[in-house]
Amino acid sequence: MSATRLIARDELRLMARNRVAVVAVLLILVLTLVAVLTAWSHQRDLAELRQRQQAAATAAFEAQPDRHPHRVVHYGQFLFRPLGALAAFDPGVDAFTGSSMFAEGHRQNTANFGDVRQGSSLTRFGQLTPAFVLQSVAPLLLIFLGFGAVVRETERGTLRSLLVGGAARGEVVRGKALALGLVAALVGLPAMAGLALIAGQAGVQALPVAAIALGYALYLALWVALVVLVSVLARRSRDALLVLLLAWAVTVVLVPRAAPEMAGRAIPLANRLETDVGVARDLRRVGDSHNPADPTFAAFKARTLARYGVARVEDLPVNYKGLLAVEGERITSRLFDRYAAAGFAAQERQNAAVAAAGLLSPAVAIRQLSMAAAGTNFAGHRRFLDQAEAYRFALVQKLNRLEADAVSYADDTAEDPGADRRKRVDAHHWTEMPRFAFAGPDGAELARGAVPGLSLLAGWLAAAVAALWFATRRLGVR
Amino acid sequence: MRVWMVELRLLLRARPTVVAVLLLTLLSAAAVTGGMAEVSRQRAAIARIASAQAEDVGAIAKWVNEKKDPGSAAYYTFHATWDAPSPLAFAALGMRDVAPFIQRVRALGLEAQIYDGDNFNPELALPGRFDWSFVLVFLMPLFVIVLFHDLSSGEREAGRARTLAAVPGGIAPVLRRRTALRLGAILLAAVLPFAVGAALSGAQPLPVSAAIGLAAAYALFWVGAAALVSRLRWSSTANAATLAAAWLVLVLVLVVPTFANVAIARAVPVAQGAEIALAQREQVNRAWDIPREETMRRFYAGHPRLADSAPLPTGFHYKWYFAFHQVGDEGVAGRVAAYRAGLERRGAAADALGLVLPSVGVQAALTRLARTDLEAQLAFQDRVRAYHRRLRDFYYGYLFYDRPFGTADFARAPRFGGIADD
C-alpha cells in the first residue's frame with residue numbers, strides 16, 4: 001500500500017474515532033435528506049398547483065359565453081409559470097418572482113404572487129434546499145473536519161517523524177487531501193442521489209444535470225484543497241480554524257450579499273411608474289388614438305381606405321374598429337417591448353456584475369452555475385416573461401382580427417337596445433384561441449448557462465491545487 | 001481604574017483583536033452607508049413621482065377636457081401612492097426591495113391592481129440585503145466567537161491561568177473585566193455607525209435606543225453562549241468549532257429558520273392570491289352577460305347614497321362600468337380577508353419563533369422598528385385601500401350625477417397621504 005493511502009486511512013480512522021466529527025457528518029447527511037425531500041415535495045406541490053390553476057384559467061376562458069371580441073381582450077388570460085423538475089434541487093429565484101401573470105390588451109402586467117411577499121421574513125434567511133446545503137453548509141463541515149489535518153502534525157512534531165519514517169511531503173499532503181476528499185464525496189452523496197432521482201423524472205435532460213453534478217464536485221474539491229492548503233500553511237490549529245472560518249464567512253455569507261448590493265447601486269433600474277409614464281409619453285408621440293385628427297391614425301385610415309378602394313370606413317368589407325384595434329395593439333406592444341428590453345438589459349448587466357464577483361468567491365460561481373443549469377435563474381424567468389408576452393400579443397391580435405372579421409362596423413358602432421346582442425360572436429371562437437404552453441429550454445441551452453460558472457470554479461481549483469503544491473514543498477521547513 | 005487601563009492596553013496590543021474590532025466597524029459602517037444610499041434612492045424615486053404624475057395626468061386632462069366626460073377621466077387617470085421609508089429603514093431594509101413602495105391605482109377594481117409588484121431584479125434580491133441588521137444578526141456573532149472563544153482557555157493554554165488564579169481575588173475578576181471590555185469594543189464597533197446613521201436620518205430616540213438595546217442583548221446572548229462553552233474547559237480550538245457550529249444552527253440552517261419557514265408555509269397555506277384575481281375577473285366580466293339593472297341594484301344596495309342617480313341610458317354609461325368593478329371587488333371580499341388573515345398568521349408564527357430564536361427575533365424586531373416588515377407592507381396596502389375608497393367617492397360624485405369633468409377637476413382629485421388614508 002502506498003504511503004498516500006496509508007496516511008489517508010489513518011486520517012479517516014482518526015475522524016471516525018472523533019465522536020463530534022461522526023455526529024456532524026451524520027447530521028449533515030440527515031439535513032441533506034430532509035432538504036431533498038422537502039424541496040422536492042414543495043416543488044411538486046407548486047408545480048401541481050400552477051398546473052391546476054392554469055387548467056382552471058384556461059377552462060374559464062374557453063367557457064365564456066357569446067361575447068364581443070374586445071370584451072375577451074379585457075377578460076384576458078392568466079398565465080402560470082410552470083416549475084421545472086430541477087427546481088426541486090435549486091429553486092433559484094422562483095420564490096422571488098411572481099408565478100402568475102395576467103395577459104390582457106393594451107397592458108403589460110407584472111408577474112404577481114411571489115412567495116417572498118406572501119411569506120414571513122424567514123424567507124430571507126435562505127431556503128432549505130439541497131443546493132443550499134452543498135453551497136453553504138458542506139464547506140463548513142469540511143473546515144471542521146479538516147482544518148487540523150496537517151497543522152496538527154506540525155504542532156505536535158509528528159510530521160517530522162512521518163517524514164523521517166520515509167513518507168514524502170507530497171504523500172503526506174495527498175493522503176490528507178484524499179481522506180478529506182472522501183468525506184466530501186460522502187457528504188455530497190445524498191444530494192447527488194437526490195439529484196439523480198429528480199433527474200429520473202420525465203422531461204429532465206441529462207446535460208444540465210451533468211453540469212450541476214460536475215459543478216458541485218469542483219466546488220467541494222476546491223474546498224478540500226483550500227482547507228488542506230490552510231492547514232499546511234498555518235502554524236497553529238487555532239489559526240487554521242479561524243482563517244478558514246473567516247474565508248467561509250467572507251466568501252459564502254458576505255460576498256454573495258455585498259456583490260448584488262453594489263451591482264444594484266451601480267446599474268439603476270427604472271421603476272414601474274417611470275416605465276408606465278414613459279410608455280404613455282411615447283405613445284402620445286407616436287399617435288393619440290383619442291384624437292380624431294391625430295396624424296398617425298389619420299394616415300392609417302387613409303392607407304386602409306386606399307387599400308380597399310373605398311371612400312368611407314362604413315364601406316369597408318371588414319370592421320374598421322377591429323383593424324384600428326390591431327394597429328393600436330401593434331404600436332403599444334412595440335413600445336412595451338422596447339421598455340421591457342431596456343429593463344432586461346439593465347438586469348442582465350447587474351447579473352453580469354454579480355457573476356464577476358465569482359472571481360472573489362467560489363460560492364457566487366456555484367450559485368450562478370447551479371441556478372443557470374436548473375433553469376431557475378433570471379434567464380429562466382425571462383424565458384417565461386418573453387413567451388408570456390408573445391402569447392399575449394398573439395391572443396390579443398387574434399381577438400382583434402376576429403372583431404374585424406366577425407362583427408360588422410354598423411353593429412359595432414350601434415347603440416340601440418338590440419345592438420349588444422348583435423355585437424357578440426359565437427362562444428365556440430374561445431376554444432379556438434391558442435392555449436398557453438410554456439416551451440422549456442433545451443438541455444444544451446441550460447448547460448451553456450453553466451459554462452461561465454464551471455470555468456470559474458475550474459480556475460479556482462487549479463489555483464488552489466497549484467498553491468497547495470508550492471506550500472507542500474516548503475512544509476516542515478520552518 | 002488602573003486595572004481597567006491595564007486591560008485596555010492589553011486589548012489594544014493584541015493585534016487580532018484590534019483588527020477584528022476595526023473590521024466590524026468597517027462592515028457596520030459600510031452596511032449603514034449602503035442602507036442610507038438605498039433609502040435616499042427610494043426617497044428620490046418618491047420625490048420624482050409628482051413631476052411624472054403631473055406630466056401624465058396633464059396629458060389626459062388635455063383630451064378629456066374636450067368632452068368633459070368624468071368616466072374617461074376616472075378610467076384613464078392613474079393616481080400615485082407611496083410608502084415613504086421610515087427614518088430607521090436604512091438599518092433594516094426588510095421587504096422594501098421586493099414589495100412595491102410606489103404603486104399607481106385607478107378607480108377601477110382594486111383587487112386587480114393591489115397585488116401588482118414593481119420592477120426588481122430577483123437575482124439581486126435572492127441572497128438577501130447587506131444592511132445593518134444583516135451585520136448585526138449574521139456577522140456580529142462571528143466576531144464575538146473570535147474574541148471570546150479563548151478568553152479563559154487561552155490563559156490556560158499559555159500557562160498563565162495558574163498564576164492568575166494565585167493573585168488576590170483569583171481569575172474571575174480578570175475575566176469579568178476582559179469580558180466587559182471586549183463586549184464593549186464589539187458593541188461600540190457595531191452600534192456606533194448605526195447611531196451616526198440614525199442621527200443623520202433624524203430617527204426618534206426611542207426606536208433608536210430600542211435597536212441599540214436589542215443589539216446589546218443579542219451580543220450578550222452570544223457572549224453568554226461563549227461563557228457556557230468555556231465552562232466545558234475544552235481547548236480554544238474546540239470552543240471555536242462548537243460556537244461556530246452553534247452560530248450555523250441558530251442563525252443559518254438546520255432546525256431553524258429555513259426549516260421553520262418550510263413548516264410555516266405548510267401549516268398556513270395562504271388561499272392563493274391568484275385565485276382572488278381569477279374570481280374577481282369572473283365577477284367583473286359577468287356584468288356584460290347579465291341585465292345591467294341587476295348590477296346596479298346590487299351596487300346601490302351597498303351604496304344607497306348614490307341610489308338617486310338617474311336610470312341608465314340605452315347606450316353605454318361609465319357609471320355602470322365602475323359599478324360592476326366595485327361589485328366585483330365586493331364579491332371577493334371574503335377571499336381577500338382570508339388571504340390577508342393567512343399572511344398575518346404566517347407573520348405571527350415567525351414572530352413566535354423569534355421569541356425562542358434570538359437571530360429571528362432580532363431580525364423581526366429590527367424590521368418592525370424600521371417599519372419594513374410584512375406588517376408594514378400590509379399597512380401600506382390598507383392605506384392604498386383607504387385612498388382608493390376616496391378616489392371612488394370622488395369620481396362617483398361626477399359620474400352618477402353626470403357632472404362635467406374639466407381640467408380644474410383633475411386638480412380636485414384626492415391626493416394620497418395624510419391622515420385620511422391611515
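I need the full set of residues from the range B:9-33 which are facing chain A (nearest Cβ under 10 Å) and either exposed (fewer than 14 other Cβ atoms within 10 Å of the Cβ) or under 25 Å from the mean Cα position of the chain (by Cα) (or both), in order please.
Answer for the range B:9-33, where residues must be facing chain A (nearest Cβ under 10 Å) and either exposed (fewer than 14 other Cβ atoms within 10 Å of the Cβ) or under 25 Å from the mean Cα position of the chain (by Cα) (or both): B:P16, B:L27, B:A30, B:A31.
State which residue is nearest to A:G76 (Cα to Cα) when the search covers only the range A:423-449 and only residues that are within 14 Å of chain B (Cβ to nearest Cβ) and part of a helix (DSSP H, G or I).
So, considering only residues that are within 14 Å of chain B (Cβ to nearest Cβ) and part of a helix (DSSP H, G or I), the one nearest to A:G76 (Cα to Cα) is A:W430.
Restricting to the range B:314-365, what's the tally of residues that are assigned to a loop (DSSP other than H, G, I, E, B), closer than 23 Å to B:A376 by Cα and not hydrophobic (A, V, I, L, M, F, W, C)?
0
Specify the residue that is farthest from B:N121 (Cα to Cα); the eligible residues are those in the range A:355-369 that are crowded, with 24+ Cβ neighbours inside 10 Å and over 14 Å from the mean Cα position of the chain (by Cα).
Checked the range A:355-369; the qualifying residue farthest from B:N121 (Cα to Cα) is A:P362.
Could you check how many residues of the range B:78-98 are under 22 Å from B:Y115 (Cβ atoms) and part of a loop (DSSP other than H, G, I, E, B)?
Residues in the range B:78-98 being under 22 Å from B:Y115 (Cβ atoms) and part of a loop (DSSP other than H, G, I, E, B): 10 in total.
For the range A:16-67, how many residues are within 9 Å of another protein chain (Cβ to nearest Cβ) and not in a helix (DSSP H, G or I)?
Selection size over the range A:16-67: 4.
Which ranges mark the helices (runs of 4 or more DSSP H) fully within the range A:150-224 that have 2 or more residues being modelled with pLDDT under 95 and either of a type in the set (A, V, I, L, M, F, W, C) or at positive phi (or both)?
A:158-164, A:169-199
For the range A:239-256, name all the residues that are without any contact (Cβ under 8 Å) to a residue 60 or more places away in the chain, crowded, with 24+ Cβ neighbours inside 10 Å and either more than 9 Å from every other protein chain (Cβ to nearest Cβ) or of a type in the set (D, E) (or both).
None - no residue of the range A:239-256 is without any contact (Cβ under 8 Å) to a residue 60 or more places away in the chain, crowded, with 24+ Cβ neighbours inside 10 Å and either more than 9 Å from every other protein chain (Cβ to nearest Cβ) or of a type in the set (D, E) (or both), so the list stays empty.
Determine which member of the set A:D337, A:D386 is surrounded by fewer than 20 Cβ atoms within 10 Å (Cβ to Cβ), among the acidic types (D, E), more than 13 Å from chain B (Cβ to nearest Cβ) and touching a residue at least 24 places away in the same chain (Cβ under 8 Å). Explain how you work it out, then say what you get.
Values: A:D386 fails: touching a residue at least 24 places away in the same chain (Cβ under 8 Å).
A:D337 is the lone residue from the list that is surrounded by fewer than 20 Cβ atoms within 10 Å (Cβ to Cβ), among the acidic types (D, E), more than 13 Å from chain B (Cβ to nearest Cβ) and touching a residue at least 24 places away in the same chain (Cβ under 8 Å).
Could you list, in sequence order, the residues of the range B:358-374 that are of a type outside the set (V, I, T) and facing chain A (nearest Cβ under 10 Å)?
Hits for the range B:358-374 are B:S359, B:Q363, B:A364, B:L366, B:R368, B:D373, B:L374.
Which one is surrounded by the fewest Cβ atoms within 10 Å (Cβ to Cβ) among residues in the range A:225-238 that are among the hydrophobic types (A, V, I, L, M, F, W, C) and part of a helix (DSSP H, G or I)?
Among residues in the range A:225-238 that are among the hydrophobic types (A, V, I, L, M, F, W, C) and part of a helix (DSSP H, G or I), the one surrounded by the fewest Cβ atoms within 10 Å (Cβ to Cβ) is A:L233.
Answer yes or no: is there a residue in the range B:306-313 that is surrounded by 15 or more Cβ atoms within 10 Å (Cβ to Cβ), at pLDDT 95 or above, more than 10 Å from every other protein chain (Cβ to nearest Cβ) and assigned to a helix (DSSP H, G or I).
Within the range B:306-313, not a single residue is surrounded by 15 or more Cβ atoms within 10 Å (Cβ to Cβ), at pLDDT 95 or above, more than 10 Å from every other protein chain (Cβ to nearest Cβ) and assigned to a helix (DSSP H, G or I).
Within the range B:160-176, can one find any residue that is of a type outside the set (A, V, I, L, M), more than 14 Å from chain A (Cβ to nearest Cβ), assigned to a helix (DSSP H, G or I) and under 19 Å from B:V223 (Cβ atoms)?
yes
Could you count how many residues in the range B:83-115 are within 9 Å of another protein chain (Cβ to nearest Cβ) and more than 11 Å from the chain's Cα centre (by Cα)?
Final tally of qualifying residues: 5.
Of all residues in the range A:258-283 being without any contact (Cβ under 8 Å) to a residue 60 or more places away in the chain and surrounded by fewer than 17 Cβ atoms within 10 Å (Cβ to Cβ), which is farthest from the other protein chains (Cβ to nearest Cβ)?
My answer is A:D282.
Inside the range A:84-105, can you point out the residues that are hydrophobic (A, V, I, L, M, F, W, C), more than 10 Å from the chain's Cα centre (by Cα) and in a loop (DSSP other than H, G, I, E, B)?
Hit for the range A:84-105 is A:F89, nothing else.
Would you confirm, using the coordinates I've provided, whether B:E155 is among the charged types (D, E, K, R), free of Cβ contacts under 8 Å to residues at least 24 places away in the same chain and more than 7 Å from every other protein chain (Cβ to nearest Cβ)?
yes
Out of curiosity, is A:T472 touching an Asp or Glu at 6+ places or on another chain (Cβ under 8 Å), surrounded by 12 or more Cβ atoms within 10 Å (Cβ to Cβ) and more than 13 Å from A:Y219 (Cα to Cα)?
The answer is no for A:T472.
Report whether or not A:L178 is within 14 Å of chain B (Cβ to nearest Cβ) and either crowded, with 24+ Cβ neighbours inside 10 Å or out of contact with any Asp or Glu (no Cβ under 7 Å at 6 or more places or on another chain) (or both).
Criteria not met by A:L178.
Within the group A:L189, A:L222, which residue is surrounded by fewer than 22 Cβ atoms within 10 Å (Cβ to Cβ) and either of a type in the set (V, I, T) or within 30 Å of the chain's Cα centre (by Cα) (or both)?
Just one listed residue meets the conditions, A:L189.
Does A:F89 satisfy the criteria of being touching a Pro at 6+ places or on another chain (Cβ under 6 Å) and either closer than 30 Å to A:R236 by Cβ or aromatic (F, W, Y) (or both)?
For A:F89, the condition - touching a Pro at 6+ places or on another chain (Cβ under 6 Å) and either closer than 30 Å to A:R236 by Cβ or aromatic (F, W, Y) (or both) - is met.
For the range A:103-123, what are the residues that are surrounded by fewer than 24 Cβ atoms within 10 Å (Cβ to Cβ) and at the interface with another protein chain (Cβ under 10 Å from one of its Cβ atoms)?
A:E104, A:N109, A:T110, A:A111, A:N112, A:F113, A:D115, A:V116, A:R117, A:Q118, A:G119
Considering only the range A:406-431, state which residues are β-branched (V, I, T) and either within 16 Å of A:A325 (Cβ to Cβ) or surrounded by 17 or more Cβ atoms within 10 Å (Cβ to Cβ) (or both).
Within the range A:406-431, the subset β-branched (V, I, T) is A:407, A:413, A:425, A:431.
Answer for the range A:406-431, where residues must be β-branched (V, I, T) and either within 16 Å of A:A325 (Cβ to Cβ) or surrounded by 17 or more Cβ atoms within 10 Å (Cβ to Cβ) (or both): A:V407, A:T413, A:V425.
Give the residue that is surrounded by the most Cβ atoms within 10 Å (Cβ to Cβ), with candidates limited to residues of the range B:385-401 that are among the hydroxyl-bearing types (S, T, Y) and assigned to a helix (DSSP H, G or I).
At the first step, the residues of the range B:385-401 found to be among the hydroxyl-bearing types (S, T, Y) are B:387, B:395-396, B:398, B:401.
Among the residues that remain, those that are also assigned to a helix (DSSP H, G or I) are: B:387, B:395-396, B:398.
Numbers: B:Y387: 23, B:Y395: 25, B:Y396: 21, B:Y398: 21.
Selected residue: B:Y395.
Go through the range B:34-45 and give me each residue that's touching a residue at least 24 places away in the same chain (Cβ under 8 Å) and either more than 10 Å from every other protein chain (Cβ to nearest Cβ) or closer than 30 Å to A:A249 by Cα (or both).
B:G34, B:G35, B:M36, B:E38, B:V39, B:Q42, B:R43
Give the range A:9-46 a look and list any residue that's among the aliphatic types (A, V, I, L, M), farther than 15 Å from A:L182 by Cβ and within 30 Å of the chain's Cα centre (by Cα), or say none.
Passing the criteria: A:L27, A:V30, A:L31, A:L33, A:V34, A:A35, A:V36, A:L37, A:A39, A:L46.
Restricting to the range A:150-175, name every residue that is surrounded by 16 or more Cβ atoms within 10 Å (Cβ to Cβ) and either aliphatic (A, V, I, L, M) or free of Cβ contacts under 8 Å to residues at least 12 places away in the same chain (or both).
In the first step, residues of the range A:150-175 are kept if they are surrounded by 16 or more Cβ atoms within 10 Å (Cβ to Cβ); the result is A:150-155, A:159, A:162-163, A:167, A:169, A:171-175.
A:V150, A:V151, A:L159, A:L162, A:L163, A:A167, A:V172, A:V173 - these are the residues of the range A:150-175 that are surrounded by 16 or more Cβ atoms within 10 Å (Cβ to Cβ) and either aliphatic (A, V, I, L, M) or free of Cβ contacts under 8 Å to residues at least 12 places away in the same chain (or both).
The values are calculated or read from the model by the stated rules, or taken from the named source; none is laboratory data. None of the values given here were measured: they were computed from a predicted structure. So basically every Cβ, Gly included, is an ideal-geometry build from the backbone, and we count neighbours across all protein chains shown.
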